[in-house]
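The structure appears below as structure tokens.
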Amino acid sequence: MRVFMPMLLALLLAAPLQAAELNERYDQMGTLSITLDGETRNLVIPYDTERDRGNAEQKMIMGSFLTINVLGRTVGDDGMPGSPMVQVTLQRRSGDMQLLSVEMFDEEGYAAPLSMGPDGGKGTLTSFEMTEDNQVSATVEGELLRLADYTSEPKVAEGATPQPTTISFSVTLAPLEE
């Protein structure tokens, strides 16, 4: 018993944080996990049934650029989507799908997210698959950097250091509107 209890405690402490259940207003479109500095958070990609709006979509921009945007969210004790939340944007311009940006909105708020892409750290789309029935799975690896003044003049925050990150998501998207 002495050996079992410490092992059980270690297992519980090492387990990734699990999202709470969404309340009846929301359906789950998919999941997103982010590993940041060795800690994994499991988020949900919700669909708001009252507003008929998903937190993931695909769109054709300017008629030729397929863009996929996914927003993974923590679920509060009340079953409502909340923060922290992670947004991933991918785009196919010519050829393969590519990473456009990642933003993680946490306790620092909208003005100072962690970012990967043009304003933040470097990142790469390391895997991507999309089926004919719009099921998408992807993995992004790179480094997030804390930004300052994101809502006006985004720049890397003073003293920000790159934070190694892996993000994976799986989601079923609505078909493209024609």
Length gained if Glu107 through Glu132 is fully extended, taking 0.36 nm per residue and subtracting the Cα-Cα distance, is 5.2 nm
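Which longest uninterrupted range of the chain lacks any trypsin sites (Lys or Arg not before Pro) assigned by DSSP to a loop state (not H, G, I, E or B) and surrounded by at most 15 other Cβ atoms within 10 Å?
Free of exposed loop sites, the longest segment is 123-178.
Based on the mean of other beta carbon atoms within 10 Å per residue, what is the order of 147-153, 42-48, most packed first? Before the final figure, lay out the partial values.
Working: 147-153: 13.7, 42-48: 21.3.
Listed from highest to lowest mean packing, they are 42-48, 147-153.
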For Ala174, placing the label point 7 angstrom along Cα-to-beta-carbon and taking segment 45-64, residues whose amide nitrogen sits under 17 Å are 45-61
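Bear in mind these aren't lab numbers, they're just calculated from the coordinates by the rules spelled out. Just so you know, these numbers come straight off a predicted model, no measurement behind them. Using ideal geometry, Cβ is built from the backbone for each residue, glycine included, and neighbour counts are taken over all protein chains shown.
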